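The values are calculated or read from the model by the stated rules, or taken from the named source; none is laboratory data. The shown structure was predicted, so the numbers you read here are calculated from the model rather than taken from an experiment. So basically every Cβ, Gly included, is an ideal-geometry build from the backbone, and we count neighbours across all protein chains shown.
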Amino acid sequence: MNARQTAAEVVVVDYGLGNLRSVTRGLERAGAEVTLSEDPAEFARADGIVLPGVGAFSEGMENAGPFRETLVEQAEAGTPLFGICLGMQMLLTTSEEADHAGQGDAEGLDLVPGKNVRFSRDQTVPHMGWNELDVQRDHPLVEGVDGEYAYFVHSYYAVPDDEDAVVATTDYGVDFASIVANEAGNVFGTQFHPEKSGETGLRILRNFVDYCVDQ
């Protein structure tokens, strides 16, 4: 069924961290019917799931603990799962942030195997502002956005174990993964905030909504 003829039903996971209002508004502008929920039963009924996030990796994983099993089950079942900023980092296996903060090991969802690492001391941290997206491979999320600019605020970045998981990169003294996806293609994330990235971000959110409908 064509995306213009029906709205994707998208659940935004409410686990206490993230720009929930702006993410919800962005998805609604992109044509989705959005439910903000902390009920795992809602996730299973959705066409797509969005995992937003602002803050520390360990706190994010702790707060999302009650949803971990359901998120992994839905991802493995093929449901589109879209992580934003911290939400993208939570898709990976581990993060240096927990060690850096003296919080011990914190395990991510491990849906995109890899590690989140801190920018070097040579770079201003956090990385904040508009930077270019350099698309590395095809994925429905990045249709029409190669060379466009998006808005970033972060101190850590994803290093997937598999180079093929990198969908787009951005240069900030180092070429880092600004969009990642799993092998199946249904789990993906953006290090930047599409809901704060103007027309480029809206295009990405529309691509996500269309992808949800097409599955």
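Which fully enclosed strands (runs of 3 or more DSSP E) of segment 112-215 have 2 or more residues being aliphatic (A, V, I, L, M) and buried (at least 20 other Cβ atoms within 10 Å of the Cβ)? Full working, then the answer.
Numbers: elements: 114-118, 127-132, 149-154, 156-160, 166-171, 175-181, 187-190.
So the answer is 166-171, 175-181.
Given the condition surrounded by fewer than 20 Cβ atoms within 10 Å (Cβ to Cβ), polar (S, T, N, Q) and touching a helix residue (DSSP H, G or I) at 6+ places or on another chain (Cβ under 6 Å), answer yes or no: does some residue in segment 99-107 qualify?
yes
Looking at residue 82, is it touching a Phe, Trp or Tyr at 6+ places or on another chain (Cβ under 8 Å), closer than 18 Å to residue 14 by Cβ and not in a strand (DSSP E or B)? Step through it out loud before you land on a result.
Details: touching a Phe, Trp or Tyr at 6+ places or on another chain (Cβ under 8 Å): yes; closer than 18 Å to residue 14 by Cβ: yes; not in a strand (DSSP E or B): no.
It is false that residue 82 is touching a Phe, Trp or Tyr at 6+ places or on another chain (Cβ under 8 Å), closer than 18 Å to residue 14 by Cβ and not in a strand (DSSP E or B).
If we scan segment 207-215, do we find a residue that is modelled with pLDDT under 95 and charged (D, E, K, R)?
The answer is yes; a qualifying residue exists.
Can you pull out the residues in segment 1-60 that are of a type outside the set (Gly, Ala, Ser), in a loop (DSSP other than H, G, I, E, B) and over 19 Å from residue 191 (Cα atoms)? Don't jump to the end; show me each part of the working.
We begin by selecting, within segment 1-60, every residue of a type outside the set (Gly, Ala, Ser); these are 1-2, 4-6, 9-15, 17, 19-21, 23-25, 27-29, 33-36, 38-40, 42-43, 45, 47, 49-52, 54, 57, 59.
If we keep only those that are in a loop (DSSP other than H, G, I, E, B) too, we end up with 1-2, 4-6, 14-15, 17, 19, 38-39, 47, 52, 54.
Listed by number, the residues that qualify are 1, 2, 4, 5, 6, 38, 39, 47.
Does segment 69-79 contain any residue that is over 15 Å from residue 43 (Cβ atoms), assigned to a loop (DSSP other than H, G, I, E, B) and either touching an Asp or Glu at 6+ places or on another chain (Cβ under 9 Å) or modelled with pLDDT of 95 or more (or both)?
no
For segment 31-79, which positions are farther than 21 Å from residue 208 by Cα, touching a residue at least 40 places away in the same chain (Cβ under 8 Å) and of a type in the set (Asp, Glu)?
Of everything in segment 31-79, those that are farther than 21 Å from residue 208 by Cα, touching a residue at least 40 places away in the same chain (Cβ under 8 Å) and of a type in the set (Asp, Glu) turn out to be 59, 62.
Among residues belonging to segment 55-77 that are within 19 Å of residue 153 (Cβ to Cβ) and of a type in the set (A, V, I, L, M, F, W, C), point out the one that is surrounded by the most Cβ atoms within 10 Å (Cβ to Cβ).
Filtering first and then ranking leaves 57.
When segment 140-163 is examined, which residues are found to be under 19 Å from residue 89 (Cβ atoms), touching an Asp or Glu at 6+ places or on another chain (Cβ under 9 Å) and not hydroxyl-bearing (Ser, Thr, Tyr)?
Once the filter is applied, which keeps residues that are under 19 Å from residue 89 (Cβ atoms), touching an Asp or Glu at 6+ places or on another chain (Cβ under 9 Å) and not hydroxyl-bearing (Ser, Thr, Tyr), segment 140-163 yields 150, 162.
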